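Values in this text are rule-based calculations from the coordinates and carry no lab data. Computed from a predicted model, the values in this text were never measured in an experiment. Here the Cβ positions follow ideal geometry from the backbone for every residue, glycine too, while neighbour counts run over all protein chains shown.
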Amino acid sequence: MTTEATRVTGTFTVKRGLADMLRGGVIMDVVTAEHAKVAEDAGAVAVMALERVPADIRREGGVARMSDPALIEGIKAAVTIPVMAKARIGHFAEAQVLEAIGVDYIDESEVLTPADEAYHIDKWQFTTPFVCGATNLGEALRRIAEGAALIRSKGEAGTGNIVEAVRHLRSITADIRALSQADRAERFGWAKRLQAPIGLVEEVANNGRLPVPLFCAGGIATPADAALVMQLGAEAVFVGSGIFKSEDPARRARAIVEATTHYDDAALVAKVSRGLGAAMRGQELAELDERLATRGW
Amino acid sequence: MRESSLSIGILALQGDVREHRLVLEELGATCRLVRKPDELRDLDGLVLPGGESTTLSVLLESSGLFEGVAGLIAGGTPVLGTCAGMVLLAREVLDGRPDQRSFGALDCVVRRNAYGRQADSFEALLDATTIDAELGERDHPLPAVFIRAPAIEAVGPGVEVLASLRNDGASVPVMCRQANVLATAFHPELTSDRRVHRVFLAMAASHGTIGQVGVGRLSDTGVQGAGALRKVGEAI
């Protein structure tokens, strides 16, 4: 039988499919090709290419924008694993640039300064898949409705403090559990409360999980942090400032990779946590001038 | 059905483990997630899932699983590798990292990310005549999902091509088998078509009863020239 060679690109299946392939892995923020190689050597499943890690964006202030395409291309050339990059919330022209230079995933990120106060990017217009942050189930489902193929907790980027990521993950997974118990009539109430499309609410209620993978980001600094959020229901972790703001990035990167895979093996997490040197300093949330997690809606 | 009692291991270091598990359990197999060497015992088959092959390679070493999996394959236990799993099984990997280890159990030359970046990832229908003949089904196309997929650029004489992708008039192999090793460049676990996993479970079911699985049950299509690799696009 002869089959037509019809190839279809940019389907939701291939977009969320790449996120599926990253599950159980660690995605690391890198600002140079050398960082990217360290990340790949350590076993990262992907890297996030950017000019400044969130801790530096926080410290230096000013408007944070999409990174220089030349920097992203240099990182792409240095590694064989997928390369992600960030666009500002609502800045579809930055996203178009990232698609044009062939990044594998676009992060519409609250870590950058938002470009639109009303609308996120219409992600259905792109062939390249998007990941978006969320602090609760309603926000996650609104992003999925806009075309996001992967959701991550926002956490509080650049702080090295896991508390916000835990709050976001717990909020999302607790609401999924409660929604799974709702009867059909109650689901309409859920859709109204969550401000999310009823179709997606039905899907979560029926399957007991988001329609796309749920990863954790924002504040992961140690192997035990990774083990914690994986046990709380994250399917993979993003580590931003936590690796390259630590004393021994290569060892810490490898340790976080191991702890993410063997998250339920405390003896192994203990083993890889030994003698890693200082973690990034970290910040109490009360010390912060601005909460990045409040960006986006 | 013999399949109902099959115990299938899924390498669970990283990747789309859950999807393989759902498919195999739906087909009646019992699944065990494998993260440690002692979890490789008493398996009727092993799945190497999709994921990042560089990451899997690192974690296979650090978890002490590499030798165990290699031994299992050498001992004749059926193994299914999808996408990154296929890269791990290939004899030669192009565009990989120089230190990337593979089991070398499938006499193929495989190129990583051969179709381009994620924007070039695609869905397509495959010729599945050989699979349908083996499963006793009417001949119908196989839907397949390719995500940053590897390409099989050459196959050795002992390798059967079970499915191929039509590409500019040429037929490119995307599913291969050599004795107990079954591999796909695509992700059968991401579609609702169960034929690839059924072929694999049939291999697992006959493991130990007929020795080398698959050999002799299929016409040796394309097997020619002792020792020489067939360049894809020339010999098909």
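For the peptides B:122-129, B:81-88, A:180-187, B:151-158, residues were scored by their other Cβ atoms within 10 Å and the scores averaged per peptide; the highest-first order is B:81-88, B:122-129, B:151-158, A:180-187. Mean projected area of the Cα convex hull of the stretch A:98-228, taken over all directions, amounts to 8.8 nm². Taking the Cα centre of the stretch B:50-170 as reference, the dipole from Cβ charges on Lys and Arg (+1) and Asp and Glu (-1) amounts to some 320 debye. Under conditions of 25 °C and 0.890 mPa s, the protein assembly as shown yields 104 µm² s⁻¹ as its translational diffusion coefficient, taking Rh as the Kirkwood radius over Cα pairs in the Stokes-Einstein equation. Taking other Cβ atoms within 10 Å as a rough exposure proxy, A:109, A:171 sort from fewest to most as A:171, A:109. Any chance you could check the Cα centroid distance between the stretch A:23-45 and the stretch A:205-246 for me, in angstrom? About 15 Å separates the Cα centre of the stretch A:23-45 from the one of the stretch A:205-246. Taking the centroid of alpha carbons for each part, the stretch B:105-157 and the stretch B:10-40 are 22 Å apart. Exposed loop trypsin sites (Lys or Arg not before Pro) only (DSSP loop, at most 15 other Cβ atoms within 10 Å): please give the longest stretch of chain B free of them, not including the sites. Longest stretch, sites excluded: B:42-137.
An oblate overall shape is assigned to the stretch A:1-146, the ratio a/c of its alpha-carbon gyration tensor axes (a ≥ b ≥ c) being 1.5 or greater and a/b not exceeding b/c. Among the helices of chain A, those built from whole DSSP H runs whose Cα atoms reach 20 Å or more along their own axis and whose mean Kyte-Doolittle hydropathy is at least -1.0 are A:163-181. Loop-located trypsin sites (Lys or Arg not before Pro) in the stretch A:43-84 (DSSP state not H, G, I, E or B) with no more than 15 neighbouring Cβ atoms inside 10 Å: A:65.
Dividing the mean sequence gap of close Cα pairs (under 8 Å, 6+ apart) by how many residues chain B holds gives a relative contact order of 19 percent. Restricting the stretch A:1-60 to GluC sites (Glu not before Pro) that sit in a DSSP loop and have at most 10 other Cβ atoms within 10 Å of their own Cβ leaves A:4. Loop-located chymotrypsin sites (Phe, Trp or Tyr not before Pro) in the stretch A:87-193 (DSSP state not H, G, I, E or B) with no more than 16 neighbouring Cβ atoms inside 10 Å: A:119. Greater than 26 Å separation of Cα atoms is the criterion. Which listed pairs, A:154/A:271; A:15/A:154; A:37/A:123; A:86/A:245, meet it? Correct reply: A:154/A:271; A:37/A:123. Of the residues A:84, A:54, A:69, the one whose Cα sits farthest towards the positive end of the charge dipole of the protein assembly as shown is A:54 (charges of +1 on Lys and Arg Cβ, -1 on Asp and Glu Cβ, taken about the Cα centre).
Residue by residue, the stretch A:43-51 carries 3J(HN,Hα) couplings of x, 4, 7, 6, 10, 9, 8, 8, 7 Hz when phi is fed to the Karplus relation 6.51 cos²θ - 1.76 cosθ + 1.60 (θ = phi - 60°); x denotes Gly or Pro.
Computed about the Cα centre, the dipole magnitude for chain A is approximately 480 debye when only Lys and Arg (+1) and Asp and Glu (-1) carry charge, each at its Cβ.
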